[in-house]
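Beneath this line is the structure, given in structure tokens, with notes to follow.
The values are calculated or read from the model by the stated rules, or taken from the named source; none is laboratory data. In this text, all values refer to a predicted model and were calculated from it rather than measured experimentally. Please note: Cβ atoms are built from the backbone with ideal geometry, for glycine as well, and neighbour counts cover all protein chains shown.
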Amino acid sequence: MIYYVYDGTFDGLLTCIYEAFYRRENPDDIVPMDKLEENFLIQKLFINTDTEKSAKVYRTIEEKISVESLKRVFYAYLSELPKSGRNILKYLRLGFKIGRSIDDNLANDVVRTIDKISNKVTREKHLFLGILRFKMLENDILYAALEPEYNIVGLLAPHFSNRMSNENWIIHDVKRNVAAFYNKKEWVIRDFTIEDRLVLHEDEEEYEEMWQAYYKHMAIESRKNLRLKKNNMPMKYWKHLVEI
Amino acid sequence: MEVLDKLKVLADAAKYDVSCSSSGSNRSNKKGGLGNASPAGICHTWTDDGRCISLLKILMTNYCIYDCIYCVNRSSNDLLRAAFTPDEIVDITINFYKRNYIEGLFLSSAVYKSPNYTMEMIYQVVRKLREVENFNGYIHVKAIPGADQEIVERVGHLVDRMSVNIELPTEESLKLLAPQKTKEKILKPMSLIKNSIIRNLEERKKFRSSPKFVPAGQTTQLIIGATPDSDLKILRLTEGLYKGYNLKRVYYSAFVPVSNSPKLPALKYPPLIRENRLYQADWLLRFYGFEAKELLDEERPDFDLNLDPKCDWALRNIHLFPIEINKADYNMLLRVPGIGVTSARRIIQARKFSSLTFDDLKKLGIVVKRAQYFITCNGKHYGIKSMNDELIRSKIIDKTSLSEGAIQLSMFDNHHSNQIGGLLT
Ligand code: SF4
């Protein structure tokens, strides 16, 4: 068994795709370095990220398949799910063969797998557009912590840079230790951990208390339905909510 | 009274208005401003009853000069009363919004002093939000029946959505439970908003820069179960509102008993299943090409609580089935129980590549348990051999019945259109 191993970046993954086609090889999986498990039977091939090669693959997907398809590949990559590297390769092989109509071919297993994964990522992203909670810090920076299933910080940032264009904010994935930083002009993503305690703005508690009260008072007792609530908002997401 | 206490009182008073949607507007942020609207709408949390919170939904005040019997805020009710100042509402809205608690504001009000006075207060809030705070998030306000056209129009140019709640579906019911209201008073602002929207669209064709008027359209709410009105009456009204008034949504609110007036029915629980059936039927009108008269008639004026309206329709029209999944057109696929908008689209897409088997249908997310009785795959029938509607009905009801599941489905908002489409299968 051959595994291609890359540095964990999207460019790295696309370089692997390039090499697989170029070398006419069929690796059994494509895995990021930090997810690699020791296994005696696996032959590991480290692929160096090459942005020229990845750019070629990027363009080819756009031209030969579709922009939508490129988005699905990117979302599957962000899912960080096991075997997603392999699925992406299979999906692209098929895509280069049948072109832009590939995503209609839902009776095909690989197409459906990618469709499912990218839907899951899309759904989680959409959920977090709503359930992300900012706290106002002492220095007027809005800070939000989250622990998403998938690596979606980069998908959230554009939404908040439009919406809160005149604020300074940080969206911090405390599980992956990465954060998006925005300074009223542009956003960047960097590795990030917090050592000290955050100092909140003096008004912060007051608004949190109001929000909690509002939340409680919105529920209609005679319609109580906790199962429906959990269906809509699974408990794994409750930790950073102010109101629960 | 502290702002926190006002918030408790005036949130409580607003919560029976079920609409909380933030969809339908694509207002963008301005330079140096705060907020924008997301056309698909965004839910920010879900309450213990499973409903989504998208907007800060509050009343300006719950002091009311009217005495509608079904309403908690009626003047004769002994109730803690409060009133926000415009500045208080603006401050809460902005600070909730920055923390991403909400998509915007849904401001309603009881009728304080007079309809015009109340509408003017509402105007003060939205003007300050838009023009002083440069707030570009979603705003939905109530148009107060009886307020002057001029004020309603001023407000309409600043907000995303407006609504007038009809609440009671017939004139007799209004007379009984809301004697100070009349059909005319309610419908007048609705047609006013409708006409202004149409005029505005035409203006904007000529002058792209003229400000939008209520871009997310208008909605209304009907109370279910406070009066003896049948589902047929309600659904006909709904159909008329969609066709004649271009409404974006009609919401249904199962009546929650708030008084023991002898004019009100004695209900132990709000009629949630009935409410759910109406939402399903509403969905069939808007997205599945059904008409009210196909779903109900004078002989059968109410929905079967045991079975969803689409399934019920299919069983009453069993002669149209089974249909061949590899041939039927989109509109017919949509009429098959177990196939929703998304799955119908997926079938059409996938069968271009190869003819679909029964297993493929499962993979595409079709509810085959339900659909199997009504379809064939390549000529083969996978349900029971018979096309006897009574037999199929008994098979299907066994599985759904009046379980918790039915209630589960009962509350939703329109952000999850796909989800709801799925529910209707
Ligand atoms: S006018 Fe509105 S708030 Fe006042 S009693 Fe009637 S329904 Fe309630």
**Request:** Taking B:ASN326 as meeting all but one of (1) modelled with pLDDT of 95 or more; (2) closer than 19 Å to B:GLU294 by Cβ; (3) outside any helix (DSSP H, G or I), write down the number of the exception.
**Result:** (2)
**Message:** I need the full set of residues from segment A:222-244 which are in contact with an Asp or Glu (Cβ under 9 Å, 6 or more places away or on another chain) and at the interface with another protein chain (Cβ under 8 Å from one of its Cβ atoms), in order please.
**Reply:** A:SER222, A:ARG223, A:LYS224, A:ASN225, A:LEU226, A:ARG227, A:LEU228, A:LYS229, A:VAL242, A:GLU243
**Message:** Scan segment B:339-357 and tell me whether some residue there is of a type in the set (Val, Ile, Thr), assigned to a helix (DSSP H, G or I) and touching a residue at least 24 places away in the same chain (Cβ under 8 Å).
**Reply:** yes
**Asked** Exactly one of (1) of a type outside the set (Val, Ile, Thr); (2) buried (at least 21 other Cβ atoms within 10 Å of the Cβ); (3) assigned to a helix (DSSP H, G or I) is unmet by B:ASP5. Its number?
**Response** (2)
**Prompt:** Does B:ASN326 count as within 14 Å of chain A (Cβ to nearest Cβ), surrounded by 14 or more Cβ atoms within 10 Å (Cβ to Cβ) and closer than 27 Å to B:LEU361 by Cα?
**Reply:** yes
**Matching helices (runs of 4 or more DSSP H) fully within segment A:24-123 where at least 1 residues are without any contact (Cβ under 8 Å) to a residue 60 or more places away in the chain and over 21 Å from the mean Cα position of the chain (by Cα)** = A:51-60, A:84-98
**Request:** Output the qualifying pairs, or none if there are none: Cβ atoms under 6 angstrom, residues six or more apart or on different chains, first residue in segment B:59-73 and more than 22 Å from B:HIS140 (Cβ to Cβ), second residue more than 6 Å from the ligand (Cβ to nearest atom) and of a type in the set (Ser, Thr, Tyr).
**Result:** B:ASP67/B:SER75; B:ASP67/B:SER76; B:ILE69/B:SER261
**Asked** What do you reckon, is B:ASN100 modelled with pLDDT of 95 or more, within 13 Å of the ligand (Cβ to nearest atom) and within 14 Å of chain A (Cβ to nearest Cβ)?
**Response** no
**Prompt:** How many residues does segment B:159-183 contain that are more than 15 Å from B:THR220 (Cβ to Cβ), touching a helix residue (DSSP H, G or I) at 6+ places or on another chain (Cβ under 8 Å) and surrounded by 22 or more Cβ atoms within 10 Å (Cβ to Cβ)?
**Reply:** 1
**Prompt:** Any idea how many residues of segment A:138-165 are surrounded by 15 or more Cβ atoms within 10 Å (Cβ to Cβ) and either touching a Gly at 6+ places or on another chain (Cβ under 7 Å) or closer than 19 Å to A:GLU124 by Cα (or both)?
**Reply:** 17
**Message:** When you scan segment A:184-194, do you find a residue that is in a loop (DSSP other than H, G, I, E, B) and at the interface with chain B (Cβ under 7 Å from one of its Cβ atoms), even just one?
**Reply:** no
**Asked** Which residues, taken from segment B:358-379, are within 21 Å of A:ASP115 (Cβ to Cβ) and either in contact with a strand residue (DSSP E or B) (Cβ under 6 Å, 6 or more places away or on another chain) or at pLDDT 95 or above (or both)?
**Response** B:PHE358
**Message:** Take the conditions more than 16 Å from the ligand (Cβ to nearest atom), modelled with pLDDT under 95 and touching a Leu at 6+ places or on another chain (Cβ under 9 Å) and apply them to B:GLY32. Does it pass?
**Reply:** no
**Request:** Tell me which residues, restricted to segment B:21-48, are surrounded by fewer than 20 Cβ atoms within 10 Å (Cβ to Cβ), touching a residue at least 40 places away in the same chain (Cβ under 8 Å) and within 7 Å of chain A (Cβ to nearest Cβ).
**Result:** B:GLY32, B:GLY33
**Wholly within segment B:138-254, strands (runs of 3 or more DSSP E) carrying at least 1 residues that are touching a residue at least 60 places away in the same chain (Cβ under 8 Å) and closer than 16 Å to B:TYR123 by Cβ** = B:138-142, B:161-163
**Request:** Only residues in segment B:102-131 that are over 18 Å from B:SER54 (Cα atoms) and in contact (Cβ under 8 Å) with a residue 24 or more places away in the chain count as the first member; pair them with residues that are of a type in the set (D, E, K, R) and more than 14 Å from the ligand (Cβ to nearest atom), Cβ under 8 angstrom, at least 6 apart or cross-chain, and list the lot.
**Result:** B:ASN116/B:ASP148; B:MET119/B:ASP148; B:TYR123/B:ARG154; B:LYS128/B:ASP87
**Request:** Mind listing just one residue for me: the one in segment B:56-74 that is buried (at least 24 other Cβ atoms within 10 Å of the Cβ), closer than 26 Å to A:LEU241 by Cβ and within 16 Å of the ligand (Cβ to nearest atom) and, of those, nearest to the other protein chains (Cβ to nearest Cβ)?
**Result:** B:ILE58
**Request:** Please tell me if B:ILE53 is in contact with a strand residue (DSSP E or B) (Cβ under 8 Å, 6 or more places away or on another chain), away from the ligand (no atom under 12 Å from the Cβ) and facing another protein chain (nearest Cβ under 9 Å).
**Result:** yes
**Asked** Could we say that B:ASP78 is within 11 Å of chain A (Cβ to nearest Cβ) and farther than 23 Å from B:MET162 by Cβ here?
**Response** no
**Message:** Go through segment B:14-29 and report how many residues are modelled with pLDDT of 90 or more and within 16 Å of the ligand (Cβ to nearest atom).
**Reply:** 1
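Yes or no, residue by residue, for (1) at pLDDT 95 or above; (2) part of a helix (DSSP H, G or I); (3) under 19 Å from B:VAL159 (Cβ atoms); (4) in contact with a Pro (Cβ under 6 Å, 6 or more places away or on another chain):
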residue: B:TYR63; (1), (2), (3), (4): yes, no, no, no
residue: B:TYR70; (1), (2), (3), (4): no, no, no, no
residue: B:SER76; (1), (2), (3), (4): no, no, no, no
residue: B:ILE89; (1), (2), (3), (4): yes, yes, yes, no
residue: B:ASN95; (1), (2), (3), (4): yes, yes, no, no
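Let's see how each residue does on (1) at pLDDT 95 or above; (2) within 16 Å of the ligand (Cβ to nearest atom); (3) outside the structural domain of B:ASN200 (by TED's automatic domain parsing):
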| position | (1), (2), (3) |
| --- | --- |
| B:ASN116 | yes, yes, no |
| B:LYS128 | yes, no, no |
| B:TYR138 | yes, no, no |
| B:VAL141 | yes, yes, no |
| B:PRO169 | no, yes, no |
| B:LYS183 | no, yes, no |
**Prompt:** All but one of (1) within 16 Å of the ligand (Cβ to nearest atom); (2) in a helix (DSSP H, G or I) hold for B:TYR123; which doesn't?
**Reply:** (1)
